[in-house]
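The values are calculated or read from the model by the stated rules, or taken from the named source; none is laboratory data. Keep in mind that this is a model prediction, so the values were computed, not measured. Cβ placement follows ideal geometry from the backbone for every residue including glycine, while neighbour counts extend to all protein chains displayed.
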Amino acid sequence: MSAVSHMAPAQARKVRAKEAADAGQALPTATVIVPVFNEEAHLARNAGRLADYLESIADRFDCEVLFVNDGSSDASEQILEGLVAANSRLRVIHHNRNRGLCEAMKTGFANSRHEYAVTIDSDLSYSPDHIERLLEHIVKTGAEVVLASPYMEGGTSVNVPKDRLRASRWANSFLSKVSPEKLSTFTGMVRAYDVQFLRSLDLKSKGMDVNPEIIYKTILLRGRVEEIPARLDWTELNDLEGAPRRKSFAVPWQTLAILFSGFVFRPFIFFLVPGVAVGIAAVAAAVLTVMHMVGHAMEMVGGSFQGRLWWAFTGTFEEHSYAYFITALLTVMSIQLLSLGFLSMQSKRYFEEIFHLGTSIHRRQLDE
(Lines give C-alpha, C1' and ligand atoms only; values in the text may rest on other atoms or scores of the structure.)
Protein backbone atom coordinates (compact mmCIF):
# COMPACT_ATOMS: atom_id res chain seq x y z
CA MET A 1 0.00 0.00 0.00
CA SER A 2 1.39 3.42 -0.95
CA ALA A 3 2.26 6.08 1.56
CA VAL A 4 -0.21 8.45 -0.10
CA SER A 5 -3.15 6.26 0.91
CA HIS A 6 -2.39 6.89 4.62
CA MET A 7 -2.48 10.67 4.24
CA ALA A 8 -5.40 13.00 4.80
CA PRO A 9 -7.35 13.66 1.56
CA ALA A 10 -6.15 17.27 1.14
CA GLN A 11 -2.52 16.31 1.77
CA ALA A 12 -2.83 13.33 -0.59
CA ARG A 13 -4.15 15.57 -3.37
CA LYS A 14 -1.22 17.94 -2.99
CA VAL A 15 1.25 15.03 -3.09
CA ARG A 16 -0.33 13.61 -6.25
CA ALA A 17 -0.33 17.02 -7.91
CA LYS A 18 3.34 17.47 -7.03
CA GLU A 19 4.17 14.00 -8.34
CA ALA A 20 2.44 14.79 -11.64
CA ALA A 21 4.36 18.08 -11.92
CA ASP A 22 7.68 16.37 -11.11
CA ALA A 23 6.96 13.79 -13.81
CA GLY A 24 6.39 16.54 -16.34
CA GLN A 25 2.68 15.87 -16.50
CA ALA A 26 1.12 19.31 -16.20
CA LEU A 27 -2.40 19.36 -14.86
CA PRO A 28 -5.14 20.72 -17.15
CA THR A 29 -5.89 24.30 -16.14
CA ALA A 30 -9.26 26.03 -16.12
CA THR A 31 -10.94 29.27 -15.16
CA VAL A 32 -14.43 28.84 -13.72
CA ILE A 33 -16.36 31.95 -14.82
CA VAL A 34 -19.30 32.99 -12.65
CA PRO A 35 -21.42 35.97 -13.83
CA VAL A 36 -23.01 37.80 -10.89
CA PHE A 37 -25.85 40.32 -10.83
CA ASN A 38 -27.63 41.21 -7.58
CA GLU A 39 -27.16 37.80 -5.99
CA GLU A 40 -26.20 38.65 -2.43
CA ALA A 41 -28.75 36.16 -1.06
CA HIS A 42 -26.63 33.11 -1.84
CA LEU A 43 -23.32 34.50 -3.05
CA ALA A 44 -21.08 33.97 0.01
CA ARG A 45 -22.30 30.43 0.64
CA ASN A 46 -22.00 29.31 -2.97
CA ALA A 47 -18.58 30.90 -3.45
CA GLY A 48 -17.39 28.87 -0.49
CA ARG A 49 -18.86 25.72 -2.01
CA LEU A 50 -17.08 26.40 -5.27
CA ALA A 51 -13.74 27.05 -3.59
CA ASP A 52 -14.03 23.87 -1.49
CA TYR A 53 -14.94 21.81 -4.52
CA LEU A 54 -12.02 23.08 -6.60
CA GLU A 55 -9.72 22.21 -3.72
CA SER A 56 -11.13 18.68 -3.76
CA ILE A 57 -10.15 18.18 -7.42
CA ALA A 58 -6.82 19.99 -7.21
CA ASP A 59 -4.92 16.77 -7.91
CA ARG A 60 -6.62 16.48 -11.32
CA PHE A 61 -7.31 20.07 -12.42
CA ASP A 62 -5.67 23.38 -11.61
CA CYS A 63 -8.62 25.75 -11.37
CA GLU A 64 -9.46 29.28 -10.33
CA VAL A 65 -12.82 31.04 -9.97
CA LEU A 66 -13.36 34.34 -11.75
CA PHE A 67 -16.46 36.24 -10.65
CA VAL A 68 -17.71 38.90 -13.05
CA ASN A 69 -19.86 41.36 -11.14
CA ASP A 70 -22.11 42.81 -13.83
CA GLY A 71 -22.95 46.14 -12.21
CA SER A 72 -24.83 44.75 -9.18
CA SER A 73 -26.73 47.35 -7.16
CA ASP A 74 -26.95 45.24 -3.98
CA ALA A 75 -24.12 44.12 -1.67
CA SER A 76 -22.66 41.64 -4.18
CA GLU A 77 -19.58 43.80 -4.84
CA GLN A 78 -18.64 44.06 -1.16
CA ILE A 79 -19.24 40.35 -0.60
CA LEU A 80 -17.04 39.41 -3.54
CA GLU A 81 -14.21 41.71 -2.47
CA GLY A 82 -14.21 40.09 0.95
CA LEU A 83 -14.19 36.58 -0.52
CA VAL A 84 -11.35 37.32 -2.92
CA ALA A 85 -9.22 38.79 -0.15
CA ALA A 86 -9.57 35.58 1.85
CA ASN A 87 -8.98 33.01 -0.91
CA SER A 88 -6.24 33.04 -3.55
CA ARG A 89 -8.28 30.79 -5.85
CA LEU A 90 -10.89 33.52 -6.30
CA ARG A 91 -10.71 36.60 -8.51
CA VAL A 92 -13.29 39.26 -9.32
CA ILE A 93 -13.81 41.83 -12.07
CA HIS A 94 -16.45 44.54 -11.71
CA HIS A 95 -18.50 46.18 -14.45
CA ASN A 96 -19.39 49.77 -13.59
CA ARG A 97 -22.90 49.17 -14.94
CA ASN A 98 -25.07 46.24 -15.93
CA ARG A 99 -24.07 45.19 -19.45
CA GLY A 100 -25.89 41.87 -19.77
CA LEU A 101 -24.91 38.22 -19.59
CA CYS A 102 -23.00 38.19 -22.88
CA GLU A 103 -20.72 41.04 -21.85
CA ALA A 104 -20.11 39.41 -18.48
CA MET A 105 -19.14 36.16 -20.18
CA LYS A 106 -16.92 37.96 -22.70
CA THR A 107 -15.15 39.71 -19.84
CA GLY A 108 -14.59 36.33 -18.21
CA PHE A 109 -13.29 34.77 -21.43
CA ALA A 110 -10.92 37.68 -22.09
CA ASN A 111 -9.49 37.50 -18.56
CA SER A 112 -9.16 33.73 -18.32
CA ARG A 113 -5.58 32.73 -17.53
CA HIS A 114 -5.94 29.07 -18.44
CA GLU A 115 -6.46 26.71 -21.37
CA TYR A 116 -10.08 25.89 -20.51
CA ALA A 117 -13.01 27.92 -19.23
CA VAL A 118 -16.10 26.65 -17.46
CA THR A 119 -19.16 28.89 -17.11
CA ILE A 120 -21.57 28.18 -14.27
CA ASP A 121 -24.52 29.96 -12.63
CA SER A 122 -23.81 31.60 -9.28
CA ASP A 123 -26.94 30.00 -7.78
CA LEU A 124 -25.36 26.54 -8.29
CA SER A 125 -28.59 25.11 -9.63
CA TYR A 126 -26.06 22.91 -11.42
CA SER A 127 -23.94 21.48 -8.60
CA PRO A 128 -20.15 22.08 -8.59
CA ASP A 129 -19.37 18.47 -9.56
CA HIS A 130 -20.43 19.37 -13.11
CA ILE A 131 -17.15 21.30 -13.37
CA GLU A 132 -15.02 18.16 -13.10
CA ARG A 133 -17.26 16.18 -15.45
CA LEU A 134 -17.17 18.93 -18.08
CA LEU A 135 -13.40 19.27 -17.85
CA GLU A 136 -12.86 15.53 -18.00
CA HIS A 137 -14.97 15.33 -21.15
CA ILE A 138 -13.36 18.26 -22.96
CA VAL A 139 -9.86 17.00 -22.17
CA LYS A 140 -10.73 13.46 -23.24
CA THR A 141 -12.52 14.33 -26.50
CA GLY A 142 -10.63 17.45 -27.58
CA ALA A 143 -13.96 19.17 -28.23
CA GLU A 144 -14.18 22.94 -28.51
CA VAL A 145 -17.39 23.15 -26.45
CA VAL A 146 -18.96 20.70 -23.98
CA LEU A 147 -22.53 21.36 -22.79
CA ALA A 148 -24.19 20.25 -19.56
CA SER A 149 -27.63 19.08 -20.67
CA PRO A 150 -30.54 18.23 -18.35
CA TYR A 151 -32.65 17.35 -21.40
CA MET A 152 -30.55 14.60 -22.96
CA GLU A 153 -30.82 10.94 -21.95
CA GLY A 154 -29.53 10.61 -18.40
CA GLY A 155 -30.16 14.27 -17.55
CA THR A 156 -32.75 15.43 -15.01
CA SER A 157 -34.61 18.58 -13.91
CA VAL A 158 -35.75 18.83 -10.30
CA ASN A 159 -38.21 21.33 -8.79
CA VAL A 160 -37.96 23.74 -11.73
CA PRO A 161 -41.21 25.78 -12.07
CA LYS A 162 -43.39 24.08 -14.67
CA ASP A 163 -43.93 27.15 -16.83
CA ARG A 164 -40.23 27.90 -16.98
CA LEU A 165 -39.28 24.26 -17.60
CA ARG A 166 -41.89 24.00 -20.36
CA ALA A 167 -40.63 27.18 -22.04
CA SER A 168 -37.02 25.99 -21.82
CA ARG A 169 -37.81 22.57 -23.25
CA TRP A 170 -39.79 24.13 -26.09
CA ALA A 171 -36.98 26.56 -26.92
CA ASN A 172 -34.31 23.86 -26.97
CA SER A 173 -36.49 21.46 -28.93
CA PHE A 174 -37.14 24.17 -31.52
CA LEU A 175 -33.44 25.01 -31.85
CA SER A 176 -32.58 21.32 -32.12
CA LYS A 177 -34.95 20.95 -35.07
CA VAL A 178 -33.53 23.91 -37.01
CA SER A 179 -29.87 23.31 -36.15
CA PRO A 180 -27.58 21.06 -38.20
CA GLU A 181 -26.33 19.61 -34.88
CA LYS A 182 -29.06 17.69 -33.05
CA LEU A 183 -28.13 18.76 -29.54
CA SER A 184 -30.46 18.65 -26.56
CA THR A 185 -29.54 21.97 -24.95
CA PHE A 186 -28.70 25.21 -26.75
CA THR A 187 -29.68 27.82 -24.17
CA GLY A 188 -27.91 26.47 -21.08
CA MET A 189 -24.95 28.42 -19.73
CA VAL A 190 -23.12 25.62 -17.87
CA ARG A 191 -20.39 24.61 -20.32
CA ALA A 192 -16.68 23.99 -20.80
CA TYR A 193 -14.75 25.77 -23.54
CA ASP A 194 -11.41 25.64 -25.24
CA VAL A 195 -10.34 29.22 -24.46
CA GLN A 196 -8.07 29.70 -27.46
CA PHE A 197 -10.86 28.67 -29.83
CA LEU A 198 -13.44 30.71 -27.95
CA ARG A 199 -11.44 33.92 -28.21
CA SER A 200 -11.52 33.64 -32.00
CA LEU A 201 -15.31 34.01 -32.02
CA ASP A 202 -16.77 37.48 -32.50
CA LEU A 203 -19.81 37.39 -30.22
CA LYS A 204 -22.53 39.98 -30.90
CA SER A 205 -25.39 38.97 -28.57
CA LYS A 206 -26.25 40.91 -25.43
CA GLY A 207 -28.36 38.45 -23.43
CA MET A 208 -29.20 34.75 -23.12
CA ASP A 209 -29.08 34.34 -26.89
CA VAL A 210 -25.28 34.37 -26.61
CA ASN A 211 -25.42 30.66 -25.78
CA PRO A 212 -27.05 29.58 -29.07
CA GLU A 213 -24.77 32.06 -30.88
CA ILE A 214 -21.65 30.35 -29.55
CA ILE A 215 -22.91 26.96 -30.72
CA TYR A 216 -23.86 28.33 -34.14
CA LYS A 217 -20.46 29.92 -34.72
CA THR A 218 -18.65 26.85 -33.42
CA ILE A 219 -20.54 24.73 -35.94
CA LEU A 220 -19.69 27.20 -38.73
CA LEU A 221 -15.99 26.81 -37.93
CA ARG A 222 -16.31 23.00 -37.92
CA GLY A 223 -15.72 22.95 -34.15
CA ARG A 224 -16.75 19.96 -32.11
CA VAL A 225 -19.68 20.35 -29.72
CA GLU A 226 -20.34 17.60 -27.15
CA GLU A 227 -22.94 17.07 -24.41
CA ILE A 228 -22.94 15.37 -21.05
CA PRO A 229 -26.01 14.56 -18.90
CA ALA A 230 -26.65 17.14 -16.18
CA ARG A 231 -28.88 17.63 -13.16
CA LEU A 232 -30.69 20.96 -12.90
CA ASP A 233 -31.96 21.30 -9.33
CA TRP A 234 -33.91 24.29 -8.02
CA THR A 235 -34.69 22.78 -4.62
CA GLU A 236 -32.45 25.11 -2.61
CA LEU A 237 -33.19 28.08 -4.85
CA ASN A 238 -36.95 27.77 -4.33
CA ASP A 239 -36.43 27.77 -0.56
CA LEU A 240 -34.21 30.83 -0.61
CA GLU A 241 -35.98 34.15 -0.08
CA GLY A 242 -34.95 36.92 -2.42
CA ALA A 243 -33.27 34.63 -4.95
CA PRO A 244 -33.20 36.45 -8.31
CA ARG A 245 -34.46 33.51 -10.29
CA ARG A 246 -37.67 33.33 -8.29
CA LYS A 247 -38.73 36.41 -10.20
CA SER A 248 -40.55 35.94 -13.49
CA PHE A 249 -38.38 36.32 -16.53
CA ALA A 250 -39.20 38.28 -19.69
CA VAL A 251 -41.01 35.59 -21.64
CA PRO A 252 -41.80 37.68 -24.76
CA TRP A 253 -38.22 38.88 -25.15
CA GLN A 254 -36.80 35.42 -24.47
CA THR A 255 -39.17 33.94 -27.04
CA LEU A 256 -38.17 36.50 -29.65
CA ALA A 257 -34.49 35.85 -28.92
CA ILE A 258 -34.98 32.09 -29.37
CA LEU A 259 -36.90 32.58 -32.62
CA PHE A 260 -34.14 34.84 -33.91
CA SER A 261 -31.52 32.25 -32.95
CA GLY A 262 -33.48 29.68 -34.94
CA PHE A 263 -33.61 32.10 -37.86
CA VAL A 264 -29.82 32.43 -37.71
CA PHE A 265 -29.40 28.64 -37.82
CA ARG A 266 -31.74 28.05 -40.77
CA PRO A 267 -33.11 31.35 -42.15
CA PHE A 268 -34.59 29.83 -45.29
CA ILE A 269 -36.97 27.63 -43.28
CA PHE A 270 -38.80 30.75 -42.11
CA PHE A 271 -39.51 31.66 -45.75
CA LEU A 272 -39.54 28.43 -47.77
CA VAL A 273 -41.92 26.49 -45.53
CA PRO A 274 -44.54 29.30 -45.35
CA GLY A 275 -43.97 29.97 -49.07
CA VAL A 276 -44.73 26.36 -49.98
CA ALA A 277 -47.77 26.33 -47.68
CA VAL A 278 -49.15 29.56 -49.18
CA GLY A 279 -48.40 28.24 -52.67
CA ILE A 280 -50.42 25.09 -51.98
CA ALA A 281 -53.29 27.25 -50.71
CA ALA A 282 -53.07 29.39 -53.88
CA VAL A 283 -53.21 26.29 -56.12
CA ALA A 284 -56.16 24.91 -54.15
CA ALA A 285 -58.04 28.20 -54.45
CA ALA A 286 -57.33 28.38 -58.19
CA VAL A 287 -58.47 24.79 -58.75
CA LEU A 288 -61.73 25.37 -56.88
CA THR A 289 -62.39 28.58 -58.82
CA VAL A 290 -61.76 26.89 -62.18
CA MET A 291 -63.93 23.90 -61.24
CA HIS A 292 -66.75 26.27 -60.27
CA MET A 293 -66.40 28.16 -63.54
CA VAL A 294 -66.30 25.00 -65.68
CA GLY A 295 -69.35 23.65 -63.85
CA HIS A 296 -71.33 26.75 -64.82
CA ALA A 297 -70.16 26.46 -68.42
CA MET A 298 -71.31 22.83 -68.65
CA GLU A 299 -74.78 23.75 -67.39
CA MET A 300 -75.35 26.20 -70.29
CA VAL A 301 -77.14 25.07 -73.44
CA GLY A 302 -76.16 26.20 -76.91
CA GLY A 303 -73.14 28.03 -78.24
CA SER A 304 -69.55 26.87 -78.39
CA PHE A 305 -67.74 25.55 -75.37
CA GLN A 306 -65.27 28.46 -75.53
CA GLY A 307 -68.16 30.91 -75.57
CA ARG A 308 -69.88 29.23 -72.64
CA LEU A 309 -66.57 29.13 -70.74
CA TRP A 310 -66.02 32.85 -71.28
CA TRP A 311 -69.56 33.59 -70.16
CA ALA A 312 -69.05 31.45 -67.07
CA PHE A 313 -65.76 33.23 -66.33
CA THR A 314 -67.23 36.73 -66.54
CA GLY A 315 -70.31 35.71 -64.59
CA THR A 316 -68.26 34.00 -61.87
CA PHE A 317 -65.89 36.99 -61.66
CA GLU A 318 -68.82 39.36 -61.17
CA GLU A 319 -70.43 37.16 -58.52
CA HIS A 320 -67.28 35.91 -56.74
CA SER A 321 -64.54 38.38 -57.56
CA TYR A 322 -63.05 37.85 -54.08
CA ALA A 323 -62.08 34.27 -55.09
CA TYR A 324 -59.90 35.58 -57.93
CA PHE A 325 -58.44 38.26 -55.67
CA ILE A 326 -57.56 35.72 -52.95
CA THR A 327 -55.98 33.37 -55.52
CA ALA A 328 -53.87 36.19 -56.96
CA LEU A 329 -52.86 37.45 -53.51
CA LEU A 330 -51.81 33.98 -52.33
CA THR A 331 -49.84 33.43 -55.53
CA VAL A 332 -47.94 36.70 -55.14
CA MET A 333 -47.27 36.00 -51.45
CA SER A 334 -45.98 32.52 -52.26
CA ILE A 335 -43.63 33.81 -54.94
CA GLN A 336 -42.30 36.50 -52.60
CA LEU A 337 -41.74 34.11 -49.69
CA LEU A 338 -40.01 31.53 -51.89
CA SER A 339 -37.82 34.26 -53.38
CA LEU A 340 -36.87 35.50 -49.90
CA GLY A 341 -36.09 31.92 -48.89
CA PHE A 342 -33.65 31.46 -51.75
CA LEU A 343 -32.12 34.89 -51.10
CA SER A 344 -31.65 34.04 -47.41
CA MET A 345 -29.89 30.81 -48.38
CA GLN A 346 -27.55 32.78 -50.59
CA SER A 347 -26.97 35.42 -47.88
CA LYS A 348 -26.21 32.71 -45.32
CA ARG A 349 -23.59 31.23 -47.62
CA TYR A 350 -22.00 34.66 -48.07
CA PHE A 351 -22.03 35.24 -44.30
CA GLU A 352 -20.36 31.89 -43.63
CA GLU A 353 -17.62 32.64 -46.13
CA ILE A 354 -17.00 36.10 -44.64
CA PHE A 355 -17.11 34.73 -41.10
CA HIS A 356 -14.55 32.05 -41.95
CA LEU A 357 -12.29 34.64 -43.57
CA GLY A 358 -12.65 37.12 -40.71
CA THR A 359 -11.98 34.43 -38.10
CA SER A 360 -8.85 33.29 -39.93
CA ILE A 361 -7.52 36.86 -40.00
CA HIS A 362 -8.40 37.35 -36.32
CA ARG A 363 -6.64 34.13 -35.30
CA ARG A 364 -3.55 35.14 -37.25
CA GLN A 365 -3.50 38.47 -35.43
CA LEU A 366 -3.82 36.71 -32.08
CA ASP A 367 -0.91 34.39 -32.93
CA GLU A 368 1.26 37.36 -33.85
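Here are the numbers for this structure:
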{"read-out": "Strands (runs of 3 or more DSSP E) contained entirely in the range 152-243, each with at least 3 residues that are crowded, with 21+ Cβ neighbours inside 10 Å", "value": "191-194"}
{"read-out": "The range 309-352, subset modelled with pLDDT of 80 or more and among the β-branched types (Val, Ile, Thr), residue surrounded by the most Cβ atoms within 10 Å (Cβ to Cβ)", "value": "Thr327"}
{"read-out": "Check on Ile138, surrounded by fewer than 18 Cβ atoms within 10 Å (Cβ to Cβ), at pLDDT 95 or above and touching a strand residue (DSSP E or B) at 6+ places or on another chain (Cβ under 9 Å)", "value": "no"}
{"read-out": "Among the candidates Asp129, Asp74, Asp59, residue that is in the same structural domain as Ile228 (by TED's automatic domain parsing), among the charged types (D, E, K, R), modelled with pLDDT of 95 or more and out of contact with any Pro (no Cβ under 9 Å at 6 or more places or on another chain)", "value": "Asp129"}
{"read-out": "Index of the failed condition, Leu101 passing every other in (1) crowded, with 18+ Cβ neighbours inside 10 Å; (2) closer than 19 Å to Arg60 by Cβ; (3) not aromatic (Phe, Trp, Tyr)", "value": "(2)"}
{"read-out": "Neighbours by Cβ (under 7 Å, 6+ apart or cross-chain): first from the range 160-177, within 23 Å of Phe270 (Cα to Cα); second assigned to a helix (DSSP H, G or I) and not hydroxyl-bearing (Ser, Thr, Tyr)", "value": "Ala167/Val251; Ala171/Ile258; Phe174/Ile258; Phe174/Gly262; Leu175/Pro212; Leu175/Ile258; Leu175/Gly262; Leu175/Phe265"}
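Yes/no per residue for (1) surrounded by fewer than 21 Cβ atoms within 10 Å (Cβ to Cβ); (2) within 22 Å of Asn111 (Cβ to Cβ):
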position	(1), (2)
Ala26	yes, yes
Val34	no, yes
Ala41	yes, no
Arg60	yes, no
